[in-house]
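Structure record follows, encoded as structure tokens.
The values are calculated or read from the model by the stated rules, or taken from the named source; none is laboratory data. A quick note: this is a predicted structure, and the numbers were derived from the prediction, not measured. Ideal geometry is used to build each Cβ from the backbone, glycine not excepted, and the neighbour counts take in all protein chains shown. Side chains are part of the model used for accessible areas, which takes the heavy atoms of the whole protein and leaves out ligands, DNA and RNA. Shrake-Rupley method; radii C 1.70, N 1.55, O 1.52, S 1.80 Å.
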Amino acid sequence: MNKKFQQIQISENNFYVKIDSSSINVDEEKIGYEIGYQNGGIPEHFSGMIKEILSSIESKCNIKAGYTIVDLKFNKEIRNQLEIGNQIFLTDKIVTSQLKKSEKAVLFLCTIGNEMENWSKELYSSGESIMSYLANISASAVVEKVADLLHSHINNFASDLDLSATNRYSPGYCNWSVAEQSKLFSFFPKEFCGVTLSESNLMTPIKSVSGIIGIGKEAEYKEYLCDRCGIKDCTHRIYLTRKYKNKTDV
């Protein structure tokens, strides 16, 4: 994937990226993996519901995305922290090892707004619990797709500067505490992309993704090290594990 979108510079190091909902293409099979069906074996009645939900993406998503660029320093003697701007991030060694060759940190934020989440709640209230569940799962897949597209755009931005970009990492994953979310948000303008942070470091709208991407001359993109992460119920790990198993079973 090699996407580049229009972006608007709102200050020296802050940018909005215009990602239209028509650019979002979520595979029905991805939703199938999330609910436990593999190799296209989604029951017909579930498949119909998923198709209906995915056809509503354009009308039910208010996509906002952006990023800020900050200096990044790596302390070779302390393997579990990064110095980003004027903040020390305790990211654990998984994240620091992947970012240690980077020169700058790209802190990103994206959201699809509240509408799909509210729709899921309305469906549940009206007794359509399965449709509600599938809408919620689909909304999570949609915001991850938005994060993919934003990541691709940042890869292009780095490439234009003859730099490389790493994979992306978010608070709450790869043993990086979600409590660090407030530090990350301190670099964004107030209510950047319409997203706010609670005292418990949860984002509103819920269907939002934040994180960090490293860029630099020697920065390297590496796949996620799921075998080294302590989160046992991570949906991304489950998806990759099933996908790998299916390939090896062929």
Self-check item: Relative contact order (percent, whole number), segment 1-70, Cα cutoff 8 Å, 6+ residue spacing
Solution: 43
Self-check item: Cα point-scatterer Debye curve for segment 12-69, base-10 log of I(q)/I(0) at q = 0.15, 0.26 Å⁻¹
Solution: -0.58, -1.01
Quiz item: Using r as the Cβ-Cβ distance of residue 129 and residue 175, and R0 as 51 Å, what FRET efficiency do you calculate, to the nearest 0.05?
Solution: 0.90
Self-check item: Mean shadow area of segment 33-116, taken as a quarter of the surface of its Cα convex hull (nm²)
Solution: 8.7
Quiz item: Using a probe of 1.4 angstrom, how much of the accessible area of segment 1-153 is carbon and sulfur, in percent?
Solution: 43
Quiz prompt | Cα centroid of segment 20-60 to Cα centroid of segment 156-228, whole Å | solution = 26
Quiz item: Within the set 100/145; 51/190; 121/183, which residue pairs have Cα atoms separated by over 29 Å?
Solution: 51/190; 121/183
Practice problem: Could you tell me how many degrees, from 0 to 90 and to the nearest 10, lie between the Cα long axis of helix 115-125 and the main elongation axis, the longest principal axis, of the Cα atoms of the chain? | Solution: 40
Quiz prompt | Gaussian network model of the chain, springs between alpha carbon atoms under 10 Å - residue of 68, 166, 196 with greatest fluctuation | solution = 196
Quiz item: So what is the accessible area of segment 1-70 per residue, in Å², with the probe set to 1.4 Å?
Solution: 56
Practice problem: Add +1 for every Lys or Arg and -1 for every Asp or Glu among the other residues with Cβ under 11 Å from the Cβ of residue 168, and state the total. | Solution: -2
Self-check item: the chain pair-distance distribution - Cα-Cα, 5 Å bins, rounded %
Solution: 1, 6, 13, 16, 18, 17, 13, 8, 4, 2, 0, 0
Quiz item: For residue 9 and residue 44, what does the FRET efficiency come to when R0 = 45 Å and r is the distance between their Cβ atoms, rounded to the nearest 0.05?
Solution: 0.40
